[in-house]
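Note sheet for the following structure.
Derivation of every value follows stated rules applied to the coordinates shown; laboratory data play no part. Because the structure is predicted, anything quoted here is derived from the model rather than measured. So basically every Cβ, Gly included, is an ideal-geometry build from the backbone, and we count neighbours across all protein chains shown.
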Amino acid sequence: SSLAWAMKTKRPVIGTDTSSLRFTASLPTNAEQGGGKAASLGLLQAAGLRVPRGFVCTDRLLHTMVDEASSQAPGDQVLHAEWPAGFLSELALELEHLQVQAFSVRSSFAGEDDVTALAAGVYASYVNVSAADVAMAVRKVLASAFAPAAVAYAQGHAVRSHDQRCVLVHAYVEGEAWGHAASAPASHIVSVWVGKGALSPPQKAELEHVVTGLARAHGACE
């Protein structure tokens, strides 16, 4: 079943005291620790680039909220289960630490931001979320992992059942422009494309410098 495929990982027994467990962590630089999107942001931060401050709700949260023996669909369990003891207070402290008024709450699952599986638009993400609404947004993001299309996508891209299903929470930044930048060092290709808004020549030059440096350090990137 989709649940058996998605939840074959060791976790605390449902109903046990989880108050001593931590459900959040700093931005990782490895997808095995926090999922693809969070790891990408962590790598950019480690490279000294300006990125929104953030953290991840670890996959322990999901595994504590879902009971394989339940007859209820896993997505419904996530939407209606009691929060694990200590999670809400831990979340509140993390949000307060970011010192902003609005947040982005984004999926950071296995198979996202990966060279073989980007999963763009497959899982839920929310932007410009108030602090009061972050917890519900986290629920919805986690529940989106069990949507039929999401399960089919993950199975089709050979995402392993024990890989991470985390939620990335970071400060919301309203952009002045959007587009993409890419570099492939082997072919000496550097591209910066703006789909909306405008970049000054110094801003474009900075992006070209950044993406070229990332490609030299990590291989072709976009």
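With a ≥ b ≥ c taken as the square roots of the eigenvalues of the C-alpha gyration tensor of the stretch 166-222, please select rounded if a/c is under 1.5 and otherwise prolate if a/b is larger than b/c or oblate if it is not? Judged from the Cα gyration tensor, the stretch 166-222 comes out oblate (a/c at least 1.5, b/c at or above a/b). Across the stretch 61-67, rounded Karplus estimates of 3J(HN,Hα) from the backbone phi angles (6.51 cos²θ - 1.76 cosθ + 1.60, θ = phi - 60°) give 4, 4, 5, 7, 8, 10, 10 Hz, Gly and Pro being marked x. Under the classification rounded if a/c is under 1.5, otherwise prolate if a/b is larger than b/c and oblate if not, where does the stretch 42-147 fall, given a ≥ b ≥ c as square roots of the Cα gyration tensor eigenvalues? Cα axes put the stretch 42-147 in the oblate bin.
Spin-label model, Leu44 to Thr29: label points 7 Å out along the Cα-to-beta-carbon direction sit 1.7 nm apart.
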